[in-house]
Amino acid sequence: MAINIKNTNYNGEVLERLLTVATTSNEIVEKGLIHVIPGVSKKISIPRLHTGKMLRKHKEDPKVEDSKGNFTYSEQELNPVDFMAFTVFNPRVFENIWRPFQPKGDLVFAELPPNAQNALLDALSKQVQFELGGHYINGEYGNDDDHLFNGILTQAAKDSDIVIVSSEATKMVDRLKAVRAQIPVAMLENPNLRFLMSPSDFNKYDDELTAREYKNRDETTRNIKMYKDIKIETLAAWPDDLIVATLCSPDAMTTNLFAAVNLQDDEHVIKIGPVSNMSELYFFKMLMKADTNIAFGEEFIVLDSREEPVFVQPEEEEEQQGGGE
């Protein structure tokens with residue numbers, strides 16, 4: 001049953017609202033780091049245009065063969081897949097627990113006090129948001145409930161154009177320096193350029209800055225989330241020891257991160273009803289579709305310092321496979 005009662009010491013009076021445990025949300029969306037395309041029920045493409053060098057010496061009578069440069073059109077695909085949230089509960093469990101939440105009249109969900117209904121719906125929505133945030137980043141499409149759709153990191157690992165940084169550095173300052181050195185010049189001054197990392201990695205960076213006497217803030221204040229004027233964004237679902245530099249924005253024209261969903265607020269569209277006409281059980285049901293991708297691999301600069309890195313140079317990957325044999 002969806003509502004589990006544990007260690008209750010009910011004696012007739014309780015708080016007038018239900019308390020829920022704190023969770024993080026879908027941070028990559030709420031922080032405006034990704035462009036979400038609503039209303040995609042089947043498939044959509046992210047159009048991309050590359051150009052070659054076009055300037056050349058002047059000619060009085062240029063011919064076709066004197067042409068220089070080209071336009072190369074390509075697409076990245078967003079193909080949302082179906083998944084859902086579904087849970088069942090019995091409103092009668094409130095009869096013997098919290099007096100303020102006891103159902104009134106006939107024992108049906110409609111008679112459950114609004115504050116209890118809202119608490120359940122709010123808890124459901126928060127949990128769905130939290131889980132979606134993890135899938136948007138680390139998701140992998142598979143055959144079980146833990147593999148719903150491909151996240152940004154999974155999609156980026158398939159792109160042969162991404163910029164993979166090699167560094168043996170252990171300090172966060174040195175890792176950030178290595179990543180910044182590989183960022184294309186055209187991106188360096190872009191206001192949407194961001195470093196993405198885990199909160200744990202930023203805490204290490206913060207401690208390193210604090211340890212520098214007379215140069216940064218003391219132990220009572222956190223250092224600014226920035227390196228060389230490039231903003232740092234931390235995401236709870238982001239893996240430790242992985243730094244990415246890329247363009248992040250909720251606007252399609254200024255971001256490198258994309259997601260497609262069936263409805264703009266899919267995760268808030270909740271259907272509620274009795275399991276059957278004869279049942280006392282009620283269900284919460286949310287139908288969703290989602291997929292993610294990056295637009296340009298060359299605008300995704302990554303340093304993977306994990307013990308088992310996913311983003312490695314081709315020659316390093318060959319060495320690892322050879323060592324495994």
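The values are calculated or read from the model by the stated rules, or taken from the named source; none is laboratory data. Values in this document were obtained by computation on a predicted structure and should not be read as measured data. All Cβ positions, glycine included, derive from the backbone under ideal geometry; neighbour counts span all protein chains shown. Surface accessibility is based on the protein's heavy atoms, side chains included, excluding ligands, DNA and RNA. Shrake-Rupley method; radii C 1.70, N 1.55, O 1.52, S 1.80 Å.
Heavy-atom accessible surface of K59, to the nearest 10 Å², is about 90 Å², with a 1.4 Å probe and all protein chains retained. A 1.4 Å probe, protein heavy atoms only, puts the accessible area of E75 near 100 Å². Maximal additional length on extending the V93-T170 stretch stands at 22.4 nm, based on 0.36 nm per residue less the C-alpha distance. For Y141 and E308, the FRET efficiency from 1/(1 + (r/R0)^6), where r spans their Cβ atoms and R0 equals 25 Å, is about 0.75.
Taking amide H positions as modeled 1.01 Å from N, with prolines and chain starts lacking one, the residues under 5 Å from F300 and 5 or more places away or on another chain are V163. The largest accessible area among R180, R222 belongs to the first residue in R222, R180, and the rest follow in falling order (1.4 Å probe, all chains).
Neighbours of M187, meaning other residues whose beta-carbon lies under 10 angstrom from its beta-carbon, give a summed charge of -3 when Lys and Arg score +1 and Asp and Glu score -1. Among the listed pairs K158/K231; K42/K158; K31/K204; K57/K231; K126/K171, those whose Cα-Cα separation exceeds 31 Å are K57/K231; K126/K171. Taking 7 Å steps out from each Cα toward its Cβ at D240 and D159 produces label points 2.7 nm apart. Modelled spin-label separation between M253 and A119, with each label point placed 7 Å from Cα along the Cα-to-Cβ direction: 4.8 nm.
Rounded if a/c is under 1.5, else prolate if a/b is larger than b/c, else oblate: which is the stretch 149-249, with a ≥ b ≥ c the root eigenvalues of its Cα gyration tensor? Mind showing how you got there, number by number?
Details: a/c = 1.84, a/b = 1.60, b/c = 1.15.
Taking the square roots of the gyration eigenvalues as a ≥ b ≥ c, the stretch 149-249 is prolate.
If Lys and Arg each add +1 and Asp and Glu each add -1, what is the summed charge of the other residues whose beta carbon sits under 13 Å from the beta carbon of D201? Present the calculation step by step, with values, prior to reporting the outcome.
Working: positive: K171, R175, K204, K225, R306; negative: D174, D206, D207, E208, E233, D240, D241, D304.
Cβ neighbours under 13 Å give a net charge of -3.
With θ taken as phi - 60° and the Karplus curve 6.51 cos²θ - 1.76 cosθ + 1.60 applied, the whole-hertz 3J(HN,Hα) list for the stretch 53-58 is 5, 10, 6, 8, 4, 5 Hz, x standing for glycine and proline. Sequence-ordered 3J(HN,Hα) estimates for the stretch 147-155 from the Karplus curve with 6.51, -1.76 and 1.60 and θ = phi - 60° stand at 10, 8, 7, 7, x, 4, 5, 5, 5 Hz, glycine and proline given as x. Each residue of the stretch 168-177 was assigned a 3J(HN,Hα) from its phi angle through the Karplus expression (A = 6.51, B = -1.76, C = 1.60, θ = phi - 60°), giving 9, 4, 9, 7, 5, 4, 6, 5, 4, 4 Hz with x at Gly and Pro.
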